[in-house]
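Taking it in order: structure first as structure tokens, then the write-up.
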Amino acid sequence: MASKEGGRPRDKYDLPARADRIGPYLDGGIDRFVFDEFSEGYIERNRMHFMRGIPIPLEDAEARSLQSEGSLSIPHLCKNMAWIMGVSPRFPFSPVYAKFLRACMKDKAAGILIAMGNQAVAEGEMKKACVHFRAALCVAPRARDALYGYAIACREIYRKGGEAGYVANFKAEALEYFELTTEAHPDFPMGHYFLGYAYLNLGLYRKAYLAWKDYLGISDDDERRKEIEERASSLSVPMKIEQGCNDILSGKYQQGISVLEGYLKTKYKDWWPLYYYLGTAYKKVLDWDRAESMFKELLRRKPSHVEAMQELAAIYGMKGKPELYEKYTKKAAAVDSEGRSPSANAPQG
């Protein structure tokens, strides 16, 4: 069994061992490099036996220089290795490249890469920042500013929008790395600050509240503390609604109904997942009329909601209304073929 560190399996911090969500979206892969190997003489002089037989990445100009002058720039070589690690941490030789950077730059390697990532953020080049921070994490997996900087860069990318899968992958990466930041460095306020917003964005109100409670326990930033105190205090009702939804998801249908029904005549009546969860619960307790009413109201607010159409078709099938069953079955199939609407199982708050 994997050993634990910070509440997570240790390999959670090992970037080359993780599935790579965002690598395919980063610019500039390894195809711009050619590969050579260190000479036996260089390996012996510098006692770098771990580099024997390891392909070293060179850009065309560096390869030509090596051919004509017989020498190359170690700083440029380190930069090339770092770029490959950042773009593709799962590249077979990334762990060896990380070892080479530590050997050449000692304890400064991660700091240099983090500084490059911060500079890219300052210049608005977020994908480039991701590459530098990922390289830093290959060298120093628990480095606070690399974990946090990477999460921030992913957050800035998904906030600019794009294709659904693209946004979802950067959003998931940002969330996970804010979590890792707070687990590895629980005394770092800004990790908790942004983790709270990440949870809020997913409609995870209880988790947002707890993250902000941690933030308020360690932050001395008066302006941000006031902001988060107001945010946290506003989550009282959303947390109750979230609990009602969770009750329904866990099979406590009557308990969930009793919580959620009370919000149908409040300002939260415009939150469309409320109707999805109540419709689901009514259907489970065989209250077909109320379930039908909830799913119809959901479709009034969100006309392309496939799950609501499917649920209505099932209800009309149970009620023995074949024409309505066929109507909603066909509508669901037509909309589903064009692309499904967001599921209420992940409410956006």
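The values are calculated or read from the model by the stated rules, or taken from the named source; none is laboratory data. Since the model is a prediction, treat every value here as computed from it, not as a measurement. Glycine also receives a Cβ, built like all others from the backbone with ideal geometry; neighbour counts cover every protein chain displayed.
Answer with yes or no whether Arg225 is outside the structural domain of Glu123 (by TED's automatic domain parsing) and either free of Cβ contacts under 8 Å to residues at least 40 places away in the same chain or surrounded by fewer than 18 Cβ atoms within 10 Å (Cβ to Cβ) (or both). When the stated conditions are applied, Arg225 passes them. Can you name the residue in the stretch 86-145 that is of a type in the set (Val, Ile, Thr) and buried (at least 20 other Cβ atoms within 10 Å of the Cβ) and is also farthest from Arg159 (Cα to Cα) among such residues? Looking at the filtered set, the residue picked out is Val139. There is no residue in the stretch 197-215 that is over 23 Å from the mean Cα position of the chain (by Cα) and either crowded, with 21+ Cβ neighbours inside 10 Å or under 30 Å from Leu286 (Cβ atoms) (or both). Reported count of residues in the stretch 153-172, each being touching a residue at least 40 places away in the same chain (Cβ under 8 Å), closer than 18 Å to Tyr13 by Cβ and either of a type in the set (Lys, Arg) or crowded, with 22+ Cβ neighbours inside 10 Å (or both), is 1. Of all the numbered requirements in (1) surrounded by fewer than 21 Cβ atoms within 10 Å (Cβ to Cβ); (2) in contact (Cβ under 8 Å) with a residue 24 or more places away in the chain, Thr182 misses one, and that requirement is (1). In summary, helices (runs of 4 or more DSSP H) completely within the stretch 161-246 and bearing 3 or more residues that are touching a Leu at 6+ places or on another chain (Cβ under 7 Å) and not hydroxyl-bearing (Ser, Thr, Tyr) occur at 164-184, 222-233.
Quick one: is Asp270 under 22 Å from Leu202 (Cα atoms), surrounded by fewer than 17 Cβ atoms within 10 Å (Cβ to Cβ) and not β-branched (Val, Ile, Thr)? Against the criterion (under 22 Å from Leu202 (Cα atoms), surrounded by fewer than 17 Cβ atoms within 10 Å (Cβ to Cβ) and not β-branched (Val, Ile, Thr)), Asp270 qualifies. Would you mention how many residues in the stretch 267-292 are of a type outside the set (A, V, I, L, M, F, W, C), in contact (Cβ under 8 Å) with a residue 12 or more places away in the chain and either more than 24 Å from Ser236 (Cβ to Cβ) or out of contact with any helix residue (DSSP H, G or I) (no Cβ under 8 Å at 6 or more places or on another chain) (or both)? So the answer is 7. Selection of the stretch 192-222 for residues being without any contact (Cβ under 8 Å) to a residue 12 or more places away in the chain and of a type in the set (Gly, Ala, Ser) yields only Gly217.
Checking each residue in the stretch 223-278 for being among the hydroxyl-bearing types (Ser, Thr, Tyr) and over 22 Å from Leu298 (Cα atoms) picks out Ser233, Ser234, Ser236. Given the criteria touching a residue at least 12 places away in the same chain (Cβ under 8 Å), in a helix (DSSP H, G or I), of a type in the set (Gly, Ala, Ser) and assigned by TED's automatic domain parsing to the domain that holds Lys252, does Ala308 qualify? Taking the combined requirement at face value, the residue satisfies it. A count restricted to the stretch 40-54 and to residues that are crowded, with 16+ Cβ neighbours inside 10 Å and either in contact (Cβ under 8 Å) with a residue 12 or more places away in the chain or part of a loop (DSSP other than H, G, I, E, B) (or both) stands at 3.
Kindly provide the set of residues from the stretch 18-39 that are in contact (Cβ under 8 Å) with a residue 24 or more places away in the chain and not basic (Lys, Arg), ordered by number. Of everything in the stretch 18-39, those that are in contact (Cβ under 8 Å) with a residue 24 or more places away in the chain and not basic (Lys, Arg) turn out to be Asp20, Ile22, Gly23, Tyr25, Leu26, Asp27, Gly28, Gly29, Ile30, Phe33, Val34, Asp36.
Does Leu235 qualify as being under 19 Å from Gly203 (Cα atoms), modelled with pLDDT of 95 or more and surrounded by 14 or more Cβ atoms within 10 Å (Cβ to Cβ)? The answer is no for Leu235.
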